[in-house]
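Let me begin by presenting the structure, written as structure tokens, before commenting on it.
The values are calculated or read from the model by the stated rules, or taken from the named source; none is laboratory data. All values reported here derive from a predicted model rather than from experimental measurement. Positions of Cβ are backbone-derived with ideal geometry, glycine not excepted, and every protein chain shown enters the neighbour counts. To get the accessible areas, we keep the full protein, side chains included, count just its heavy atoms, and leave off ligands, DNA and RNA. Shrake-Rupley method; radii C 1.70, N 1.55, O 1.52, S 1.80 Å.
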Number of protein chains: 2
Amino acid sequence: MIRTALVQMGTDYDTESNVKRAEHLVREAADRGARIVCLQELFHAVYFPYEMNARHLDLAEPIDGPTMEAMRELARELEIVLIAPIYEKALDGLLYNSAPVIGPDGDLLGIYRKSHIPIVSVPSLTGVEKYYFAPGDTGFITFPTPFDVTIGILICYDRHFPEAARTLALNGAQIVYVPTATTGMSRYLWELELQAHAVDNIYYVGGVNRVGVDEGGSDSHFYGSSMWVDPKGRIISQASDTEDEVLVADLDLSVIPQIRNDWGFFRDRRPDLYGQLST
Amino acid sequence: MIRTALVQMGTDYDTESNVKRAEHLVREAADRGARIVCLQELFHAVYFPYEMNARHLDLAEPIDGPTMEAMRELARELEIVLIAPIYEKALDGLLYNSAPVIGPDGDLLGIYRKSHIPIVSVPSLTGVEKYYFAPGDTGFITFPTPFDVTIGILICYDRHFPEAARTLALNGAQIVYVPTATTGMSRYLWELELQAHAVDNIYYVGGVNRVGVDEGGSDSHFYGSSMWVDPKGRIISQASDTEDEVLVADLDLSVIPQIRNDWGFFRDRRPDLYGQLST
């Protein structure tokens with residue numbers, strides 16, 4: 001049994017203010033007993049890829065920059081695992097949409113970098129992420145934690161790719177966190193796709209979406225609705241679509257091997273027939 | 001635009017009677033203008049894998065046996081593409097859960113053989129398919145039809161494997177038919193998984209489930225509820241959960257390239273990161 005939390009919040013253009021807001025909510029999560037806490041995609045910034053503007057490139061920070069330093073200190077103080085997704089500067093001009101995972105001693109357990117990068121231009125939805133982010137180079141790695149649970153991460157658009165969700169399962173994920181910034185067209189897909197990943201792979205899924213309208217960003221309304229989904233694909237709990245919120249859940253990991261044995265999906269896969277997926 | 005139909009029906013232990021019942025419903029589908037018609041999994045028989053009993057092995061028929069002869073004659077007469085899933089005897093002792101696809105001239109377009117074979121023993125659900133069926137050797141092939149549409153097939157348990165659904169898309173499927181015999185536990189998953197396949201792959205899905213209680217079979221109630229799902233994962237129409245029914249739909253294939261261009265999922269896949277799926 002593990003207690004874990006999702007943190008959804010509004011943001012503005014000022015990084016320090018977003019970091020403070022996140023700190024406040026992460027403290028609330030820890031106070032309520034959460035041992036693993038996940039923030040939303042690019043939690044330290046507005047969702048800037050709504051437009052192509054070189055000034056937003058300066059929002060990227062190195063992994064030893066001030067935002068991550070603050071998050072590492074926070075994780076160490078609260079003795080939690082903290083997933084703190086940021087705009088990561090790996091090198092000048094090599095920028096990623098990343099999810100660093102920090103351990104309870106404040107050290108980095110590792111970084112997942114968003115693998116699938118969208119560029120969309122339709123009436124209800126615009127996003128030019130390919131201008132800002134290099135496609136991630138980490139693959140669908142998982143993170144064993146000191147709390148006897150192995151976690152995986154999909155960032156936002158990654159959730160539309162069942163190959164990614166499956167590979168996390170093959171790498172031992174018991175909980176998959178999905179930090180997101182989503183709005184508009186995809187509303188009715190938010191539940192559907194995360195529920196399908198959970199039941200196809202028989203693991204827990206925690207979807208974290210930002211909420212409200214970014215101050216100093218686009219005028220889109222992010223619909224929050226962060227949620228926990230169980231390994232049979234059923235929604236356990238869901239946050240509001242308008243307010244900052246900490247969504248805490250107690251997850252019973254022992255049901256995972258039980259359902260997997262009952263259903264046999266992993267026994268009955270046919271890797272010999274799946275070769276086209278990687279060619 | 002293609003008009004196509006799903007046929008759900010009850011069965012008994014007598015093959016001839018099931019074939020007659022199917023013929024009647026396929027005629028109705030053709031009368032209503034359907035050019036492609038799909039019957040349910042093992043349409044010529046009860047769902048015999050509820051128990052392990054050697055007498056059921058005799059229900060298997062060669063591809064040139066009487067059931068397929070009748071179906072080929074019917075397809076030729078009605079000038080339709082007919083998917084007629086049967087228990088196929090390839091050789092003595094080599095039996096498959098198959099979906100032969102017949103063209104409007106009565107010739108075989110090809111056979112898809114169920115790739116994933118379950119064996120389940122939980123209170124609400126028992127199925128010992130591994131006793132009856134060899135795992136399919138065809139892979140996730142697709143069938144170009146004379147009606148300018150390419151179709152693919154997943155049989156029942158195959159639908160729990162997103163790798164299979166994706167591979168059909170990579171092979172050009174515009175409509176995926178899912179002949180099924182499902183009951184019990186999986187009820188709430190029926191919609192969820194087919195909707196997810198449709199939207200992940202941006203194609204139409206037609207799920208066909210048998211209905212009622214098999215006469216001379218188990219006492220399970222098959223819940224019918226055959227349905228059409230559009231390429232955005234929305235249910236278009238759904239059949240009853242108790243009655244024989246022909247579910248006709250007019251599918252606009254032109255929306256597929258449009259949505260795929262808008263959303264970019266196929267452009268943004270990362271085959272370089274998916275190698276673990278086939279190893």
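A few notes on this one:
- For the range B:143-195, a tally of residues being assigned to a loop (DSSP other than H, G, I, E, B), more than 24 Å from B:Arg269 (Cα to Cα) and not β-branched (Val, Ile, Thr) returns 4.
- Flag for B:Ala165 being within 12 Å of chain A (Cβ to nearest Cβ), touching a strand residue (DSSP E or B) at 6+ places or on another chain (Cβ under 8 Å) and free of Cβ contacts under 8 Å to residues at least 60 places away in the same chain: yes
- B:Val213 away from every other protein chain (no Cβ under 14 Å), surrounded by fewer than 21 Cβ atoms within 10 Å (Cβ to Cβ) and either over 26 Å from B:Asn201 (Cα atoms) or without any contact (Cβ under 8 Å) to a residue 60 or more places away in the chain (or both): yes
- Scanning the range B:62-72 for residues that are over 26 Å from B:Gly33 (Cα atoms) and open to solvent by less than 10 Å² (accessible area, probe 1.4 Å) yields a count of 1.
- Extreme residue, nearest to the other protein chains (Cβ to nearest Cβ), among residues of the range A:183-196 that are open to solvent by 10 Å² or more (accessible area, probe 1.4 Å) and touching a strand residue (DSSP E or B) at 6+ places or on another chain (Cβ under 8 Å): A:Gln195
- Meets criteria (within 8 Å of another protein chain (Cβ to nearest Cβ) and touching a strand residue (DSSP E or B) at 6+ places or on another chain (Cβ under 7 Å)) for B:Asp262: yes
- Residues being open to solvent by less than 30 Å² (accessible area, probe 1.4 Å), among the hydrophobic types (A, V, I, L, M, F, W, C) and assigned to a helix (DSSP H, G or I) - total across the range A:23-61: 6
- Positions within the range A:96-117 being open to solvent by less than 10 Å² (accessible area, probe 1.4 Å) and not aromatic (Phe, Trp, Tyr), in sequence order: A:Asn97, A:Ser98, A:Ala99, A:Pro100, A:Val101, A:Ile102, A:Gly103, A:Gly106, A:Lys114, A:Ser115, A:His116, A:Ile117
- Within the range B:73-95, restricting attention to residues that are in a strand (DSSP E or B) and among the aliphatic types (A, V, I, L, M), the residue that is most open to solvent (accessible area, probe 1.4 Å) is B:Leu91.
- Here B:Tyr204 passes the criteria (1) more than 10 Å from chain A (Cβ to nearest Cβ); (2) open to solvent by less than 10 Å² (accessible area, probe 1.4 Å) except the one numbered (2).
- Scan of the range B:123-162 for residues that are crowded, with 24+ Cβ neighbours inside 10 Å, touching a helix residue (DSSP H, G or I) at 6+ places or on another chain (Cβ under 7 Å) and under 19 Å from A:Leu277 (Cα atoms), ordered by number: B:Phe140, B:Gly152, B:Leu154, B:Asp158, B:Arg159, B:Pro162
- Pairs meeting the criteria (first residue in the range B:222-242 and touching a residue at least 12 places away in the same chain (Cβ under 8 Å) and closer than 17 Å to B:Cys38 by Cβ, second residue among the acidic types (Asp, Glu) and open to solvent by less than 30 Å² (accessible area, probe 1.4 Å), beta carbons under 9 Å, at least 6 apart or on different chains) are B:Phe222/B:Asp214; B:Ile236/B:Asp230.
- For the criterion of being facing chain A (nearest Cβ under 10 Å) and open to solvent by less than 10 Å² (accessible area, probe 1.4 Å), B:Val199 passes.
- In the range A:196-222, the qualifying residues are those that are of a type in the set (Asp, Glu) and assigned to a loop (DSSP other than H, G, I, E, B), and the one that is nearest to B:Leu277 (Cα to Cα) is A:Asp214.
- Residue match in the range B:6-19 (condition: open to solvent by 20 Å² or more (accessible area, probe 1.4 Å), assigned to a loop (DSSP other than H, G, I, E, B) and of a type in the set (Ser, Thr, Tyr)): yes
- Among residues of the range B:266-279 that are more than 7 Å from chain A (Cβ to nearest Cβ) and closer than 22 Å to B:Pro231 by Cα, those with a Cβ under 9 angstrom from a residue that is open to solvent by 30 Å² or more (accessible area, probe 1.4 Å) and modelled with pLDDT of 95 or more, sequence gap 6+ or separate chain, pair up as B:Phe266/B:Leu170; B:Phe266/B:Arg260; B:Arg267/A:Ile119; B:Arg267/B:Arg260; B:Arg267/B:Asn261.
- Answer residue from the range B:170-182, given it is surrounded by 24 or more Cβ atoms within 10 Å (Cβ to Cβ) and free of Cβ contacts under 8 Å to residues at least 60 places away in the same chain and is nearest to B:Tyr223 (Cα to Cα) among those: B:Thr182
- Scanning the range B:99-141 for residues that are assigned to a loop (DSSP other than H, G, I, E, B) and more than 14 Å from every other protein chain (Cβ to nearest Cβ) turns up B:Gly103, B:Pro104, B:Asp105, B:Gly106, B:Asp107.
- Selection status of B:Phe48, more than 25 Å from B:Val176 (Cβ to Cβ), in contact (Cβ under 8 Å) with a residue 60 or more places away in the chain and hydrophobic (A, V, I, L, M, F, W, C): yes
- Some residue of the range B:269-277 being hydroxyl-bearing (Ser, Thr, Tyr), at pLDDT below 95 and farther than 27 Å from B:Arg32 by Cα: no
- Among (1) of a type outside the set (Phe, Trp, Tyr); (2) in a strand (DSSP E or B); (3) free of Cβ contacts under 8 Å to residues at least 40 places away in the same chain - the single one B:Glu69 does not satisfy: (2)
- Search result, residues across the range A:217-259 that are more than 10 Å from every other protein chain (Cβ to nearest Cβ) and of a type in the set (Val, Ile, Thr): A:Val229, A:Ile235, A:Ile236, A:Thr242, A:Val246, A:Val248, A:Val255, A:Ile256
- Test: residue in the range A:203-219 that is over 26 Å from A:Val101 (Cβ atoms) and among the hydrophobic types (A, V, I, L, M, F, W, C): yes
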